[in-house]
Amino acid sequence: MFSELKFPVPWGHVAAKAWGPSDGHPVLCLHGWLDNANTFDRLIPLLPRGCYYVAMDFSGHGLSSHRPAGCPYHFLDYVTDVRRVAAALQWRRFTLMGHSMGGAVAGMFCFLYPEMVDKLILLESLGFLLAPEDTEAWLKSKRRVIDRLLSLEAKQQTPKARSPEAALQRLLEANSHLTAEGGAILLQRGATETPAGLVYNRDMRARTQSREFFTVEQCVKLLQKIQDRVLIIISQDGLLVPHNIPSRNHFVKALQEAFESTIKEHIQLAEVPGSHFVHLNKPEVVSGIISNFLTAQNTRARL
């Protein structure tokens with residue numbers, strides 16, 4: 001069983017769902033890009049029951065309010081969402097678990113507020129967003145954010161309504177790593193039923209978010225900010241296995257080596273069978289690893 005939560009923010013609210021005793025060890029769960037809190041629906045029931053799990057919807061996702069008109073979605077805004085929720089819950093120190101983009105948000109939060117995080121769990125994420133290959137690519141990515149935002153504002157399109165079958169099919173086409181069951185779970189929170197059909201809840205502007213990129217050198221320096229233990233779970237058929245993204249082979253390999261050399265005594269790297277959504281598609285593959293990590297005695301890093 002879970003309960004629904006709402007945290008007031010200046011433009012509306014941040015929505016979340018919670019499992020477990022409210023006085024249990026706090027674990028904040030962060031979903032991936034364009035997903036929602038339901039991504040943890042099948043995993044959390046398999047984890048230690050003594051913890052209090054809160055899975056939040058980032059702004060513009062799931063049941064959370066969209067940001068005000070004219071405002072783009074910056075990566076740092078998602079980190080701010082985490083800080084707002086932690087403040088509302090009056091959590092001074094907690095565990096962070098993030099999938100994909102949520103892992104990058106969790107990593108950035110750790111770098112900015114290392115004293116607030118006791119453990120970091122990264123699902124199909126290394127805690128960073130990969131940097132463009134060169135300056136021109138970086139400039140192009142920033143220009144694209146502005147142009148797409150202005151284009152969306154000019155079109156002022158109303159969200160398209162689809163039949164439940166069509167809405168699920170569209171979601172699966174955009175996420176080849178999702179199973180039909182996993183897609184249906186995300187859709188329960190990711191769409192609203194209207195007389196014309198299902199309408200996706202996510203803000204279209206979230207597709208054009210402005211990201212915070214890092215070089216390998218910056219990543220190494222940031223890694224030293226992490227004060228406690230880290231668990232990284234990579235899927236064999238996911239997005240972080242180097243041979244699956246040839247254009248970023250050197251970056252991923254260099255980053256993995258940096259993790260292992262910088263905080264090797266406090267990092268656990270596990271490779272499991274499955275896809276980018278292994279925690280949703282086959283949660284039993286990762287639940288034991290995460291449970292052992294959560295219950296293990298924490299040893300603070302000596303960096």
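The values are calculated or read from the model by the stated rules, or taken from the named source; none is laboratory data. The structure presented is a predicted model; accordingly, all values stated were derived computationally and were not measured. Using ideal geometry, Cβ is built from the backbone for each residue, glycine included, and neighbour counts are taken over all protein chains shown. For the accessible areas, the whole protein counts, side chains as well, though only heavy atoms, and no ligand, DNA or RNA atoms are used. Shrake-Rupley method; radii C 1.70, N 1.55, O 1.52, S 1.80 Å.
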Pairs returned, first residue in region 13-27 that is within 10 Å of G50 (Cβ to Cβ), second residue that is of a type in the set (A, V, I, L, M, F, W, C) and in a strand (DSSP E or B), beta-carbon separation under 6 angstrom, 6 or more apart or interchain, are G20/C51; G24/C51; H25/C51
Could you check V199 against (1) under 30 Å from K282 (Cα atoms); (2) in a helix (DSSP H, G or I); (3) touching a residue at least 40 places away in the same chain (Cβ under 8 Å) and say which number it fails? (2)
What about T192, is it over 23 Å from L96 (Cα atoms), at pLDDT 75 or above and in contact with a helix residue (DSSP H, G or I) (Cβ under 6 Å, 6 or more places away or on another chain)? no
G182 passes all but one of (1) open to solvent by less than 50 Å² (accessible area, probe 1.4 Å); (2) outside any helix (DSSP H, G or I); (3) not charged (D, E, K, R); which number fails? (2)
Quick test for you: out of Q224, Q236, Q256, pick the one residue that is of a type outside the set (D, E), in contact with a strand residue (DSSP E or B) (Cβ under 7 Å, 6 or more places away or on another chain) and either at pLDDT below 70 or surrounded by fewer than 16 Cβ atoms within 10 Å (Cβ to Cβ) (or both). Q236
P48 - would you say it is over 26 Å from S210 (Cα atoms), surrounded by fewer than 19 Cβ atoms within 10 Å (Cβ to Cβ) and in contact (Cβ under 8 Å) with a residue 24 or more places away in the chain? yes
Single residue of V145, V117 found to be within 24 Å of M204 (Cβ to Cβ) and either open to solvent by less than 70 Å² (accessible area, probe 1.4 Å) or not aliphatic (A, V, I, L, M) (or both): V145
G103 being open to solvent by less than 80 Å² (accessible area, probe 1.4 Å), in a helix (DSSP H, G or I), at pLDDT 90 or above and touching a strand residue (DSSP E or B) at 6+ places or on another chain (Cβ under 7 Å): yes
Looking for something open to solvent by less than 40 Å² (accessible area, probe 1.4 Å) and either under 24 Å from A254 (Cα atoms) or within 16 Å of the chain's Cα centre (by Cα) (or both) - is there at least one such residue anywhere in region 170-179? yes
Within region 172-189, take every residue that is modelled with pLDDT of 95 or more and of a type in the set (A, V, I, L, M) and give me the one that is nearest to Q236 (Cα to Cα). L178
Out of the residues in region 189-218 meeting the condition of being among the acidic types (D, E) and over 24 Å from S151 (Cβ atoms), tell me which one is least open to solvent (accessible area, probe 1.4 Å). E217
Whether any residue in region 2-17 is open to solvent by 10 Å² or more (accessible area, probe 1.4 Å) and touching a Pro at 6+ places or on another chain (Cβ under 7 Å) is what I want to check. yes
